[in-house]
Amino acid sequence: MTKTLSGRGLHNSTLSTNYNKTTLTNGLRIVTEEISHVRSVSVGVWIDVGSRDEIESINGITHFIEHMVFKGTKRFNNQQIARSLESVGGYLNAFTTKEHTCFYARILDEHIERALDVISDLIQNPILNAKEIEKEKLVVLEELKNIEDDPDDLIHDVLDKNVYRKHSLGYPVIGVAENIKRFTRPQMLKYIENHFTPDKIVIAAAGNLNHKIFTDLVDKYFVLETKNKIPSSRGEHPRKSFLKTETIERPINQAYVCIGTRSYSIHSNMRYPLLLMNTVLGEGMSSRLFQNIREKYGFAYSIFSFVNLLSDTGIFGVYVGTDNHNIERSLDLIYRELEKLKEKEIGKAELSRTKAQMKGSLMLGLENMSNRMMRLGSGELYFNQYISLDEVIGNIDAIDANDVLDVANRLLHKEKFSTVIFKPKKEN
């Protein structure tokens, strides 16, 4: 027996959609958007597990398993997996975040069954061959070195570690070298058994498909058994902010600076004012930070602010890459911009322009089937329901200048920010 919900969504757009959700008897959820005027379909199998579900001694195992399932299953070897969708012009990949793992494909509509066949085998029947595990350790260690050689990427991991300290949200998704070298097949099999369960899985698809046919195919290929639910290992929510300034010398030519503070979760009523404030401050060439620090003073090539929304918390921050001699001046200018947001409401013209920017970016993103699938899958895991385009746009339109002023005064306090600075290493 299954439960099905459906609805239509229009917002003055040519992208009419037909949303449907079905919950199978084992708890697995299927969410789709039927878009008849395209020829492609994007399919994603989302699992409600990420690096925050790990303990410190196995940090990185979720990401490592994501790699290993591509190395062979009971039916396909690694070459067959690689060619399965590429041979028909499709694309197959996966990613791991702090809270989710996703295996996804984009294919022509006529190849939906092939995509489900392959992805279902990756999740249900990975061999996890011992020799392949040892080889993949080398691959992931090279990936880790790549991150460590990329200050743009690494600095955000260090910021997370400093903001969350010993909480698992401070762990890097990729893990650490010592753990990666120790991973074993029994560890991975147990982890898969505990977390790759139907109640934690959402299968999302957007494009030219029929929900009923798609659901029947999912039912055919995903034969996951209902098991006793494993109690959540996410533990206590991170409540306390940890403040730290860390300066690290590295063999680089430019300084990299990242400041951040704890902010709101994806469920908070403050998230829309926060997102609008972030857009005003540091998204795009028209943002205040870009126009001031890059265009007016020429201190940076890259500068932006960012918001990371998670299930029970979040981070707001600013990143800048600048000359070593301009670190303090850049930080001073950044904090001046934060103070301005606290002291004075943004004007009507800037508010209107920023809302149009946010809505335009959202609408343009929805022309891409993969973006629609991502929105479907993550939305179901976070909210257990479909958040319509009309609702999102309505929430953006409802923001007023006082809402932005309020969120700025709640969050933007210099003494609440952690700071990470990568400085060029001094020559001896």
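The values are calculated or read from the model by the stated rules, or taken from the named source; none is laboratory data. In this text, all values refer to a predicted model and were calculated from it rather than measured experimentally. Because the Cβ atoms are built from the backbone with ideal geometry, glycine has one as well, and the counts that use them run over all protein chains shown. Accessible surface areas use protein heavy atoms only, side chains included; no ligands, DNA or RNA. Shrake-Rupley method; radii C 1.70, N 1.55, O 1.52, S 1.80 Å.
Listed values, structure above:
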{"quantity": "Per-selection Kirkwood Rh - the range 344-428 (Cα, Å, 1 d.p.)", "calculated": "16.4"}
{"quantity": "222 nm mean residue ellipticity, helices alone, for the chain (DSSP H n ≥ 4; -39,500 (n - 2.57); rounded to 500)", "calculated": "-12500 deg cm²/dmol"}
{"quantity": "Under 21 Å from residue 416, Cα to Cα: lysines that are on another chain or at least 8 residues apart", "calculated": "161, 166, 240, 244, 340, 342, 344"}
{"quantity": "Partner lysines for residue 425 [C-alpha distance under 20 Å; skip if fewer than 8 residues away on the same chain]", "calculated": "145"}
{"quantity": "Net charge over other residues, Cβ less than 14 angstrom from the Cβ of residue 214 (K, R count +1; D, E count -1)", "calculated": "-3"}
{"quantity": "√(5λ) per eigenvalue of the Cα gyration tensor, the range 336-383, largest first, Å", "calculated": "31, 15, 8"}
{"quantity": "In degrees, nearest ten, helix 211-221 long axis to first principal axis of the chain (Cα)", "calculated": "70"}
{"quantity": "Carbon + sulfur, % of accessible area of the chain - ligands and nucleic acids excluded, 1.4 Å", "calculated": "49"}
{"quantity": "Mean shadow area of the range 253-368 over all directions, Cα convex hull, nm²", "calculated": "8.4"}
{"quantity": "Relative contact order of the range 103-198, defined on C-alpha pairs under 8 angstrom at six or more residues apart (%)", "calculated": "26"}
{"quantity": "Qualifying lysines (Cα of each under 21 Å from Cα of residue 21; at least 8 residues distant if same chain)", "calculated": "3, 200, 212, 220"}
{"quantity": "Cα-based Kirkwood hydrodynamic radius, the chain, one decimal, Å", "calculated": "23.3"}
{"quantity": "Between 0 and 90°, nearest 10: helix 348-365 axis offset from the chain longest Cα axis", "calculated": "20"}
{"quantity": "Mean separation of Cα contacts under 8 Å (6+ apart) over length of the chain, as relative contact order %", "calculated": "21"}
{"quantity": "Cα-centre dipole for the range 350-425 with unit charges at Cβ (Lys and Arg positive, Asp and Glu negative), debye to 20", "calculated": "620"}
{"quantity": "Share of alpha-carbon pairs per 5 Å distance bin for the range 42-141, given as whole %", "calculated": "3, 13, 23, 23, 20, 12, 5, 2, 0"}
{"quantity": "Where the chain is the region considered: accessible area per residue in Å², 1.4 Å probe", "calculated": "47"}
{"quantity": "Summed residue charge, Cβ within 15 Å of residue 78's Cβ, Lys/Arg positive, Asp/Glu negative", "calculated": "0"}
{"quantity": "Helix 112-124 vs. the chain, principal-axis angle (Cα, 0 to 90°, nearest 10)", "calculated": "80"}
{"quantity": "Radius 11 Å from Cβ of residue 273, net charge of other residues (Lys, Arg +1; Asp, Glu -1)", "calculated": "-1"}
